[in-house]
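Worksheet: one structure, shown below.
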Amino acid sequence: MNVPLEHALLLATAVFGIGLSCALIRRELLFVLLGVEIMLCAAGLALVAGSAAWRQPDGQVFWMLLLAIAAAEVAVGLSLLLHLHRRRRTGDVDELRSLRGE
Amino acid sequence: MALYETTFPWLSLVLFLPLVGALGSALLARWPAACRALSIFASLAELGVVAWLFLVLRAGGDGWLLFEDHAWIPAFGIRYTLGLDGLSLTLAVLTAFLQLVAVLSSLGREKTRVGLFYALLFAMESGILGVFFSLDLALFYFFWEVMLIPMFFLIGVWGHERRRYAAIKFFLFTLIGSLLMLLAIVALVVLHGQDTGQYTFSLLALRGTQLNDGVSHALYFAFLLAFIIKVPLFPLHTWLPDAHTEAPTAGSVILAGLLLKTGVYGLLRIGLPLFPGPAAESLPWLAALGLVGLFYGAALAFAQKDIKRLIACSSVAHMGLLAVGLCSMNAAGLEGAVLQAVNHGITTGALFCMIGMIEARSGSRDFERLGGLWGRAPLLGGFFLFFNLASMGVPGLNNFAGELLILIGAFRAHPLLGALAVGGMVFAAAYTLRLLQGVLWGPPRDEAPMADLSAREALTLLPLAALVLLLGLQPGWLQEVFRQSIRALPLALGGGAP
Amino acid sequence: MEAALPLIPLLPLLGSALILLLGRRLPPAAPGLIATATVAASAAVCLALFPLSAGEGIRARLFVWIAAEGFAAPFGLLFDPLSAPMALMVTAVSALIHLYATGYMREDPSRVRFFVLFNLFVFAMLLIVLADNLAILFVGWEGVGFCSYALIGFWYREPKNAAAGQKAFLVTRVGDVFLLIAMLWLASDLGTLGIREINGAAPALPPDTATAIGVLLLLGAAGKSAQLPLMTWLPDAMAGPTPVSALIHAATMVTAGAYLLCRLNPLLLQSPAAAAAVAAIGALTALYAALSALFQREIKRVLAYSTMSQVGYMLLGAGLGAVGAALFHLIVHAFFKALLFMAAGCVIHLFGGENDITRMGGLKKTKRALFWLFVAGVLCLAGAPLTGGFFSKDAILLAALSRGGWFFALLFGLGIATALLTAVYSFRLLYLVFLGERRASPDAHPHSVPRAMTVPLWPLAALGLFGGLMNLPGGGLLDGWLLPLAAPPEPASHAAEWALAAAAALMVLAGWALAQRRYRGAAPAPETGAARAFRSGLFADELYQRALVRPFKAFSRFCRRVVDGRVIDGGLEGGARLLASSGGWLSRLSNGSVSRYRLALGLGLLGMLGWMMVSVLWP
Amino acid sequence: MNLVAFWIFGGTALLALVLCVTRRNAVHAVLYLLGAFLAIAAILFGLGAPLPAAWQVLVYAGAILVLFLFVLMTLHPPPAMKPRRARELVLPALVAAGNLAGALALVLAGSGGREGLPGYVLPPAALGRALFADAWIGVEAVSFLLLFAAVGAFWLGRREDPPKERP
């Protein structure tokens, strides 16, 4: 599939943008996790595109590692969500102010 | 090069013997009695070795009396170089002697952690000796810093009410100065390296570095600042009254007797020789600061409410006069300054011991609660009067000998400087008489019988009194020891009319 | 025999050390006896060596005290025509006063400390007299200062006494500072401190240096001899025991200043200005002190001001270059003033410690012997004809008269006026204390005075009265004796001598008449304003207190509180506080809200992208 | 896979993502995300990465999103979605837009001009060899990561009974 690298990167960047905005804007921890997930997926996409462009397997090798990282991240993220939900009855990120200190 | 080609590392022995004492007393911490016995024995041993060296080497010679040189960190050109000449020999004997006095004066009066107390004392002694012996700037800096840490804890743990404030203030003052010095040392070494291709920290080698004017002034100022804080000269002296007042007796004795002299020694050995050009230019300023310190210290001392703080401020005045002697840059002034360094160590050390004794008996150091001590403890009063007379500069006692030489040197350097410095004598009398009035004379506060000097206390004070008299009547024998080494220092020795 | 010279000063030192070490364990009377014995022995040695001191005298050099490159201060003693008579006088009078003190201090518990200091004082005084260089003289100078401080404040339980001692020490130390500056100047210019070498090399000094050194020496002497402007300490020094006043503040210490100026007379005469200043200060102090003495109430303060006045005469003599006359007056004055002080001690003892002469009187009836002794002293002090005082004061006035010139005539006038006033206040003393009816409260007073206190008075009275033989006008023994050292007085015409003698006698008679009319039995008049002014020495004390002492105390408090407290420490602690507060500002940034952290992450990313854009798009 | 197919899948992925991000209901969001992942899997396949594409479907879509759903289901009261006030949106939106613009500008500016490369396909065997021969260190490291994540998830997720109520 002779898709020029720029197009692929363009797509990856767009996906990354959406993921970032979701992570920054949405209030709920769930959507932050989703945002991160999307960003990771965008990165994966860029990696594979690179591998295709330079004809090297490394991109895809990294993609596999990235996959594992994403999985680990989700596992911890969701358990955090569970923990938060049990303790505070809410998924809202801004509720978490106990570190404020003063 | 050494006068005596002994291969036995005498200097290292003298340097590390106190550490043995430190280690011993730290280990024996749980048995205070054994700890005290060990401390006395260790300080006596140290004094014995140094005194023996003094007797053997005092004939002197122009080169180094003893010299040791081993590689330490070859990568940076840092060598473990120790040298001993008349000047450092004299100060080493003073160190060993005051260490014994400090140990004797604090037996039984250390409130807590007896073992640690003596361990710190000995560690500090080793640090001070290191400063006096080392000829390698890195080694010098190492001991310069090592010296502070024990004193910081001595003040911080065994001090009086405001001890933390005083300890931190003391540490910060000296640390800032020495950090600047470290910077200057490194810069000097690098510049020297670039210039001659050989990177070395050795003081003797670094003396020859050619520096352009601006840099040498800057480096000189950094060194000067570190030493001036230690001396202390006028604006940078405020740590001294606090540190002295809050330090335990032993701490004050060592602080007044030795730490102040490391500043003077630094100037003489390192500061002035390394940068003769800028040094010559800075002398008038140093003399002016010394003079201001002389009068300001006296005025400060006069207004104190705490007798220990009064004596601490008097040290500011004495060291101011000493700085004037140093800046006169002629044989009489310099010899007077070094002699005065020893005298001040002995007299002020003795006074601090006595303050400790007075405080132990009357429970307070405040003028309002003291008075009429003469009637209740005549022997204690007698010694106190004797040492105060010495500190006031009554001829026939030791301080006068030093002061006379300093005044002659100062007068020869500049008549006005000499005349003003003499004026300081009146103010010295003013605050000393106020001290005597407050402590000895006047009606006794309460008629409770006060224990006169105990045998141990008398044993501490007698050698001090003997030295005060001996140096007062015959300072010549000590001057001979360091006369040659002062002349050997590459200072711009202005002679002036004989 | 020559080797015995160091014995003179060392004997009292030995006595002092002996008493200090053995003091407590000896029987009560022992300290006094040891002290008196050592001083008497020293006097004997002095007498024995006296003939040797003719001409060049003998020198002893024991060891080098302080030396540096180009400067040496050896411990040397010089026993020459000037120092020999002085040493003899000091040791003789001290011996008598020590004897008196054994009686005076019999009941005092701290006798040991008294006699240790008393002997130490004699040692220090002898150092001044016998020193062959200024360094050793300075040791004695300061030693004497310390002993007077310790002895004035002897009864230290009374803060007032200790304060008086402190004041004496400080004021004299101001004088010592000037002396030390003169010494330094001489050391650096002439390269030596030896007295004989200085006098020899004096002509080599440039004139203005000579004047400056002369003035410095004058101020140094003024400090020790309680002359203007450093005189306020002497009246308060009367707080000490009477033997102290007799020895220190009459015979020896106060005359040290005059002795110094006599000793360095050749140097002083190098600059006429300095010599004139010395003479002027002497004359002025004489007048000022005589006036103050006239209105004093306490017997010892009268004598203190009288001493100040008589030492003024000695300075006048020294200033005129009449070393012989000055030394003559010094020695005779020591005799009769010591006598008067000791007699005053007896009087105070008899009136049960009462000092105020207005509450005495009528002692003649009960103590006839003491009365006649006192009369002898008063006659010498007033300068009655044929007494020692007459001849010595006359010699000085003759020197002033024969010098010529309006300035010295003025000084002569002052001298004569002071002579009149001296006569008045001395007879006033006699009338108020011994004659008239007894004004003291009649309760029981001790009727007898210990014998040891009266015995020494007799020889002093004799010496005072017949002291004149030592130096009769026109080529007296003393002038001849001093020939090698000091120029002989100009031979004045006989007519001038006789006229002056007559004038002096007239002054004494007038003084007596005035005193008799004023104080014979009349009730003491209420004190007028002027009288009170003179009684406090023209408020000199308050002036110094307000002009010097209080500002210094304020300045030192200012230093402690403001300069040290606020400026330096304040500055440093201010810096520390600034650091701490800025730290606080940073910590508010991370306030624990997750959304703020997310935003920070985003910003960080934005920053990186921005930087990459810049480096990529605009290389 | 020519350009048109690429952008078809790309477009659908973007659309799905936008919808996912803006949903109020969590489950709908996850489902939209599922759609996006499948589209991306197709693109991966197109870019010559058959194994990754398969794993994308299996792991990303199959495991991770299913886990999301699973967790969502266990939260009895579904997490209440409080609307965000517009005012709070401004700054994060600006930052996100800024990043997006920056990245796009970088990509467009740095175009290497390699259009129309012939298809490059990496057979799964080659990928496997590369993975376990050359990059075995990465695999080991990642395995550690997974282990820690498992422990962490287990510790955080365990049920304290009774759950301590903290303020």
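The values are calculated or read from the model by the stated rules, or taken from the named source; none is laboratory data. All values reported here derive from a predicted model rather than from experimental measurement. No Cβ is skipped: glycine too gets one built from the backbone with ideal geometry, and neighbour counts run over all protein chains shown.
For the reader, a short list of remarks on this structure follows.
- Count of residues meeting criterion [assigned to a helix (DSSP H, G or I) and at pLDDT below 85] in the stretch A:53-80: 2
- Residue within the stretch C:25-43 that is among the basic types (Lys, Arg) and either more than 29 Å from the chain's Cα centre (by Cα) or under 30 Å from residue C:104 (Cα atoms) (or both) present: yes
- Residue B:196 falls short on exactly one of the conditions (1) among the hydroxyl-bearing types (Ser, Thr, Tyr); (2) farther than 24 Å from residue B:260 by Cα; (3) touching a residue at least 40 places away in the same chain (Cβ under 8 Å), and that condition is (3).
- Test: residue D:110 is surrounded by fewer than 14 Cβ atoms within 10 Å (Cβ to Cβ) and either at the interface with chain A (Cβ under 7 Å from one of its Cβ atoms) or at pLDDT 75 or above (or both): no
- Residue match in the stretch C:539-559 (condition: in a loop (DSSP other than H, G, I, E, B), in contact (Cβ under 8 Å) with a residue 40 or more places away in the chain and either of a type in the set (Val, Ile, Thr) or away from every other protein chain (no Cβ under 14 Å) (or both)): no
- All positions within the stretch C:225-267 that are in contact with a His (Cβ under 7 Å, 6 or more places away or on another chain) and either over 20 Å from residue C:296 (Cα atoms) or not in a helix (DSSP H, G or I) (or both): none
- Residue among D:134, D:161 that alone is over 25 Å from the mean Cα position of the chain (by Cα) and at pLDDT 80 or above: D:134
- Among (1) surrounded by fewer than 23 Cβ atoms within 10 Å (Cβ to Cβ); (2) in contact (Cβ under 8 Å) with a residue 60 or more places away in the chain; (3) touching a helix residue (DSSP H, G or I) at 6+ places or on another chain (Cβ under 7 Å) - the single one residue C:171 does not satisfy: (1)
- Count of residues meeting criterion [more than 7 Å from chain B (Cβ to nearest Cβ), within 21 Å of residue C:227 (Cβ to Cβ) and hydrophobic (A, V, I, L, M, F, W, C)] in the stretch C:163-184: 7
- If you go through the stretch C:561-619 and pick out every residue that is among the basic types (Lys, Arg) and closer than 30 Å to residue B:241 by Cβ, you end up with 3.
- Residue among B:472, B:423, B:442 that is within 12 Å of chain C (Cβ to nearest Cβ), part of a loop (DSSP other than H, G, I, E, B), of a type outside the set (Phe, Trp, Tyr) and in contact (Cβ under 8 Å) with a residue 12 or more places away in the chain: B:442
- Within the stretch B:356-381, considering residues that are among the hydrophobic types (A, V, I, L, M, F, W, C) and within 14 Å of another protein chain (Cβ to nearest Cβ), the one nearest to residue C:110 (Cα to Cα): B:374
- Screening A:32, A:48 for residues that are out of contact with any Asp or Glu (no Cβ under 7 Å at 6 or more places or on another chain), of a type in the set (Val, Ile, Thr) and at the interface with chain D (Cβ under 7 Å from one of its Cβ atoms) leaves exactly one candidate, A:48.
- Looking at B:82, B:98, B:87, just one residue is in a strand (DSSP E or B) and surrounded by 15 or more Cβ atoms within 10 Å (Cβ to Cβ), and that residue is B:82.
- Taken across the stretch B:288-303, residues that are more than 14 Å from chain C (Cβ to nearest Cβ), of a type in the set (Gly, Ala, Ser), out of contact with any helix residue (DSSP H, G or I) (no Cβ under 8 Å at 6 or more places or on another chain) and assigned to a helix (DSSP H, G or I) do occur, with at least one present.
- Within the stretch C:1-21, residues that are closer than 12 Å to residue C:124 by Cα and in contact (Cβ under 8 Å) with a residue 12 or more places away in the chain have Cβ atoms under 7 Å from residues that are surrounded by fewer than 24 Cβ atoms within 10 Å (Cβ to Cβ) and of a type in the set (Gly, Ala, Ser) in these pairs: C:11/C:41, counting only partners at least 6 apart in sequence or on another chain.
- The residue pairs whose first member lies in the stretch C:148-162 and is more than 7 Å from every other protein chain (Cβ to nearest Cβ), whose second member is hydroxyl-bearing (Ser, Thr, Tyr), and whose beta carbons are closer than 8 Å, counting only pairs six or more residues apart or on different chains, are C:148/C:172; C:154/C:110.
- Among the residues of the stretch D:33-67, those identified as more than 10 Å from every other protein chain (Cβ to nearest Cβ) and farther than 16 Å from residue A:42 by Cα are D:54, D:62, D:66.
- Hits in the stretch B:445-469 (condition: of a type in the set (Lys, Arg) and assigned to a helix (DSSP H, G or I)): B:456
- Some residue of the stretch C:437-453 being of a type in the set (Val, Ile, Thr) and either out of contact with any Leu (no Cβ under 7 Å at 6 or more places or on another chain) or under 30 Å from residue C:321 (Cα atoms) (or both): no
- Condition check for residue B:120: in the same structural domain as residue B:256 (by TED's automatic domain parsing) and closer than 23 Å to residue B:242 by Cβ: yes
- Within the stretch B:21-39, the residues that satisfy the criterion of being surrounded by fewer than 16 Cβ atoms within 10 Å (Cβ to Cβ) and in a helix (DSSP H, G or I) are B:23, B:27, B:30, B:33, B:37.
Results for (1) within 26 Å of residue C:470 (Cα to Cα); (2) surrounded by fewer than 24 Cβ atoms within 10 Å (Cβ to Cβ), shown as yes or no for each residue.
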residue	(1), (2)
C:270	no, yes
C:273	no, yes
C:293	no, no
C:310	yes, no
C:317	yes, no
C:323	yes, no
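- Listed by position, the helices (runs of 4 or more DSSP H) contained in the stretch B:178-282 that have at least 2 residues being surrounded by fewer than 16 Cβ atoms within 10 Å (Cβ to Cβ) and not hydrophobic (A, V, I, L, M, F, W, C) are B:213-230.
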